[in-house]
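Peer 1: The structure is given below, and queries will be raised subsequently.
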Amino acid sequence: MAVARDLVVSPADSPLRVAIVGAGPAGVYAAEALAEQDAVPVAVDIIDRLPTPFGLVRYGIAPDHLKMRGLRATLQRTLDHPRVRFFGNVEVGVDLPLALLRAHVDAVIYTYGAADAGRLGIDGEELPGSLTALDLVSWYCGHPDADRATVEEALSHARSVVVIGVGNVALDVARVLARAPEELQLTEMPQHVLDALADAPVEQVTVIGRRGPALASFTTQELRELGRLQSAVVLVDPHDLEPLGAAEEQAAAESAVARNLAALRGWVEHEPSPGAVRLSLRFRWRPVRLLGPDRVRALELERTAAGADGRAVDTGELEVLPADLVVRSVGYRGTSLPGLPVDERTQTVTHTAGRVLRDGRPSTGEYVAGWIKRGPSGVVGTNKHDAKETVASLLEDVAAGALAPCRQPEDLLTVLTRQGLHPVLLENWGAIDAAEEALGATHGRDRTTLHDRNTLLAAARLAAANREDG
């Protein structure tokens, strides 16, 4: 593909070469913190296994959140910084062994996130018609690894949907499934996603939480969006809103929770409306098992009560809820990178202020930021503060003499080429970006996401061909 640009560093001393594994918000914010400081000359290479940058901003934020997805313009400015390069379509630990990467850079910051979905651990979880929120989100955001066939087959049966979980991702899934097709037409969703959602026979979406609404983790902004859907009516049982136990009463006194409860109370008098999707929010129910001989047909639930510590306590009261599709939104798990251990208990890399620990001691030149550092928590902006802490630790190590630049480093692009790799570089990403905008224009949108890896790489190669022809 294209030739990588020369990195510009100032002053002219040999720069500290830092590789960042992961081009999501955490990785880009770490690159920004390094590139914009002047205490240490740096050259930053951001590496991602996907051909495209921006991680969850591209593949996690719901496509109908147009303003939030606009964060990529801010992240793009860091990619355009003269001290920063982008190498997409390179999987560290698979295409590029970690030991080889570490041998050719002075420091590595791991920011590759938490990409595995959490499990419920109940019977029937593997039945057809049982998906994780990650399955569905990856599909409607156009992730190259999304299992299109499985998701679309499940949606084709989805008259009654149950979403397990009461975080923002659960509400995203419920909202997207309950939206009228015309509400999604101006999003960046791939056309096959729009078509499948328009054809899905969804009539009922039920969101289930184990604890009371005062202990739910969704934000007021996400919650209120449910009430603005064109063709859905939100239904809430008023009995679910009464605080039970000290933990719920204490939480209900907090301003953010009080706003959530006020929004929920505004829906208690709603009644089902003919032709409108029924979007029910139900609290204090625990999933027991998924039922069905060949695919999901129903979900067995058990009523819970509030324990003294706020935990959900089983009551023995059972209910069977019809369901053609169950979406499990119960968190994410971090996974180990080959050569980089992850703590089994926390699913994060063990660290101190971002310094990776091996055998209980800081490992020289290894750092971590983002979800793989702290777990899947916070909003996109949380990663900025998190990355700054890690970069501060790295710069402290340089000042202390524990980290110094190599005298004669080999350029990373040369290393990648010798491995037989063809990384997607910044101008190749620019060609993908332009191709998505052109495709969107044919549908009257600003952009349509290219979802297929081969299509993405074909668009990237076009930039290289144009450069050679020029």
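The values are calculated or read from the model by the stated rules, or taken from the named source; none is laboratory data. This one's a predicted model, so the numbers in the text were calculated from it and none came from an experiment. Note that we place each Cβ from the backbone using ideal geometry, even for glycine, and neighbour counts take in every protein chain shown. Note: accessible area is taken over every heavy atom of the protein model, side chains too, but ligands, DNA and RNA are not part of it. Shrake-Rupley method; radii C 1.70, N 1.55, O 1.52, S 1.80 Å.
Peer 1: Being closer than 25 Å to H239 by Cβ, within 23 Å of the chain's Cα centre (by Cα) and open to solvent by 20 Å² or more (accessible area, probe 1.4 Å), is that true of even one residue in the range 336-344?
Peer 2: So far as the range 336-344 goes, no, none of its residues is closer than 25 Å to H239 by Cβ, within 23 Å of the chain's Cα centre (by Cα) and open to solvent by 20 Å² or more (accessible area, probe 1.4 Å).
Peer 1: In contact with a strand residue (DSSP E or B) (Cβ under 9 Å, 6 or more places away or on another chain), within 19 Å of P201 (Cα to Cα) and polar (S, T, N, Q) - does that describe any residue in the range 109-128?
Peer 2: No, the range 109-128 contains no residue that is in contact with a strand residue (DSSP E or B) (Cβ under 9 Å, 6 or more places away or on another chain), within 19 Å of P201 (Cα to Cα) and polar (S, T, N, Q).
Peer 1: Now for a separate question. Could you tell me which numbered condition R265 fails, if it satisfies all but one of (1) open to solvent by 60 Å² or more (accessible area, probe 1.4 Å); (2) out of contact with any helix residue (DSSP H, G or I) (no Cβ under 8 Å at 6 or more places or on another chain)?
Peer 2: (2)
Peer 1: Another question about this same structure. What do you reckon, is V40 assigned to a strand (DSSP E or B), in contact with a strand residue (DSSP E or B) (Cβ under 6 Å, 6 or more places away or on another chain) and closer than 19 Å to C406 by Cα?
Peer 2: no
Peer 1: Applying the selection to the range 73-97, what residues are assigned to a loop (DSSP other than H, G, I, E, B), charged (D, E, K, R) and open to solvent by less than 40 Å² (accessible area, probe 1.4 Å)?
Peer 2: Within the range 73-97, R83 is the sole residue that qualifies.
Peer 1: Related question: Where residues in the range 229-247 are assigned to a helix (DSSP H, G or I) and at pLDDT 85 or above, which of them is surrounded by the fewest Cβ atoms within 10 Å (Cβ to Cβ)?
Peer 2: Filtering first and then ranking leaves H239.
Peer 1: Test A312 against the stated conditions and say whether it is touching a helix residue (DSSP H, G or I) at 6+ places or on another chain (Cβ under 6 Å) and open to solvent by 10 Å² or more (accessible area, probe 1.4 Å).
Peer 2: no
Peer 1: Would you say A117 is small (G, A, S), in contact with a helix residue (DSSP H, G or I) (Cβ under 6 Å, 6 or more places away or on another chain) and open to solvent by less than 10 Å² (accessible area, probe 1.4 Å)?
Peer 2: Criteria not met by A117.
Peer 1: Scanning for something open to solvent by 10 Å² or more (accessible area, probe 1.4 Å), within 18 Å of G27 (Cβ to Cβ) and β-branched (V, I, T), does the range 98-107 turn up at least one residue?
Peer 2: yes
Peer 1: Further, regarding this structure: Across the range 60-72, what is the number of residues that are assigned to a helix (DSSP H, G or I) and open to solvent by less than 20 Å² (accessible area, probe 1.4 Å)?
Peer 2: Residues meeting the conditions: 1.
Peer 1: Please go through the range 398-426 and pick out each residue that is in contact with a Leu (Cβ under 6 Å, 6 or more places away or on another chain) and among the acidic types (D, E).
Peer 2: Those that are in contact with a Leu (Cβ under 6 Å, 6 or more places away or on another chain) and among the acidic types (D, E): none in the range 398-426.
Peer 1: Checking the condition closer than 30 Å to D446 by Cβ, at pLDDT 95 or above and surrounded by fewer than 20 Cβ atoms within 10 Å (Cβ to Cβ), which residue from L184, L177, L226, L279 passes?
Peer 2: L184
Peer 1: Being charged (D, E, K, R) and either open to solvent by less than 50 Å² (accessible area, probe 1.4 Å) or under 15 Å from G209 (Cβ atoms) (or both) is the filter here; which residues of the range 248-257 pass it?
Peer 2: The initial filter retains those residues of the range 248-257 that are charged (D, E, K, R), namely 248-249, 254.
Hit for the range 248-257 is E248, nothing else.
Peer 1: Could you tell me whether any residue of the range 103-114 is over 21 Å from T348 (Cα atoms), among the small types (G, A, S) and modelled with pLDDT of 95 or more?
Peer 2: no
Peer 1: Residue by residue through the range 414-426, note down the ones that are within 28 Å of the chain's Cα centre (by Cα) and either of a type in the set (S, T, Y) or within 23 Å of L16 (Cβ to Cβ) (or both). Let's see the steps before the verdict.
Peer 2: Going residue by residue through the range 414-426, those that are within 28 Å of the chain's Cα centre (by Cα) are 416, 421-426.
Result: L416, P423, L425, L426.
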